[in-house]
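What follows is a short report on a single structure.
Read-outs throughout are calculated quantities, based only on the coordinates presented, and are distinct from any laboratory measurement. Owing to the predicted nature of the structure, the values given are computational and were not obtained by experimental measurement. Here the Cβ is made from the backbone with ideal geometry for all residues, glycine too, and neighbour counts use every protein chain on show.
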Amino acid sequence: MAKAPAIRASEVDPFSHDSTAAALERLTALVEAQARTIREYEASVAQSRHIFEAASAAARLGIWECDLASEKLSWSNGTYDLFEIPRGTPLVRERTLGFYESASLKTLQTVRSRALEQRKGFSLDAELLTPKGGRRWIRIHAAIECPGHRPTKIFGIKQDITEEKERIEQLRYLAEVDDMTGLANRNKFRAQLSLMCDSKPAAQPKGALLLIDLDGFKDVNDTLGHMAGDECLKAAAQRLKRVCGNANVVARVGGDEFAVLLDAPFIRTAPHLADRIISALSEPIERLGRRYQIGASVGITVLDGCDGPEAFRRADAALYAAKGSGRGTYRIFRTAGRAG
């Protein structure tokens, strides 16, 4: 029987020089491949973080979280930017709360406490007063982490909504404010009158309406032109705002017609206020080097359960009576059906 061929020790010895060198080479290649994979992963993470921060900056938002046990805060760069605090500044929660406007802070604390009790997230809008003196509105979205039915962390997003608030305010201004005089416009007046009135009988009057018409305004408009008329309207509006400090609404409701709404506690002051309005509007107006003379008549009605249109008709009837009695005076609509 033939013998098996002899095998040299180096071919089977795992500790031979050749086997060790090959193993080291393979191990080195493996480590280098892993290191390359880690570098690529880190580069990918860095790129993702860069994209996230860029997107956050474009959307004007930031990520935040608060550990409830230690109250330690963690902010993304975008959150630092919202508060106008240098990025990476050590954070103290009590200090950051000081940047919220007082009413917003009170609301935030109330909503946050309720959310932690109910273990539910929340959203709210809040106003900031930044360390640099800036004012901005942010929208806060918060979620709560409760791994053992006990809140341990609160976290979420804060987004700058200042421009959104400004657009809404501009739209509100256009919808509710008379552009020439800066007073409330007819739409705002009607809405507020409807809120104050009730078609059902009321146990107590809801307030009072004063309707004011400028005497002599047409003469100024016809003889001196619309520019002079506009100056008279602006001056009349300024004087009305000055003497009607307790009014709910002071509005321009027509060409040279104004309205004042008083809340219930000031009903008894309506006649006195009418006298002050007439006196203020009868003073000469000096604008752009010219002197104008106008006056005012006033109709008054109490909001005693009638609806808005009826209240306006009553005040208009009283105003008509005031004009019919010589102008420069006021009349009160009596619920018996006549003005006197």
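As a proxy for reagent exposure, ranking 215, 81 by other Cβ atoms within 10 Å from fewest up yields 81, 215. Pairs of Lys residues in the stretch 59-166 are counted when their Cα atoms are under 29 angstrom apart and they lie 8 or more places apart or on different chains; the count is 15. Under a model in which nothing but the beta-carbon of Lys, Arg (+1) and Asp, Glu (-1) is charged, the stretch 177-339 shows a dipole of about 300 debye around its Cα centre. Charges were assigned to the Cβ only: +1 to each Lys and Arg, -1 to each Asp and Glu. The resulting dipole of the stretch 59-166 about its Cα centre is roughly 260 debye. Toward the positive end of the charge dipole of the chain, with +1 on the Cβ of Lys and Arg and -1 on the Cβ of Asp and Glu, the farthest Cα among 319, 92, 29 is that of 319.
Using a Gaussian network model of the chain in which every pair of alpha carbons under 10 angstrom is joined by a spring, one finds that among 84, 164, 40 the greatest mean-square fluctuation is at 40.
Of 103, 21, 126, which is the most mobile in a GNM of the chain whose springs link Cα atoms less than 10 angstrom apart? Highest fluctuation of the listed residues: 21.
In the chain, the longest principal axis of the Cα atoms and the axis of helix 102-118 are about 50 degrees apart. Charge dipole of the chain (Cα centre as origin; +1 on each Lys and Arg Cβ, -1 on each Asp and Glu Cβ, all else neutral): 1020 debye, rounded to the nearest 20. By the rule of a C-alpha distance below 18 Å, with chain neighbours fewer than 8 residues away ignored, the aspartates and glutamates paired with residue 234 are 176, 178, 179, 213, 215, 219, 222, 256, 257, 283, 286. What is the antiparallel percent of DSSP beta bridges lying wholly in the stretch 177-339, to the nearest 5? Looking only at bridges with both residues in the stretch 177-339, the antiparallel portion is about 85 percent. From the alpha carbon centroid of the stretch 260-322 to that of the stretch 206-244 is 11 Å. Longest stretch of the chain clear of exposed loop sites (trypsin sites (Lys or Arg not before Pro), DSSP loop, at most 15 other Cβ atoms within 10 Å, sites excluded): 133-326. Note on the chain: dipole from Cβ charges, positive end direction compared against 267, 246, 128; the farthest Cα belongs to 267.
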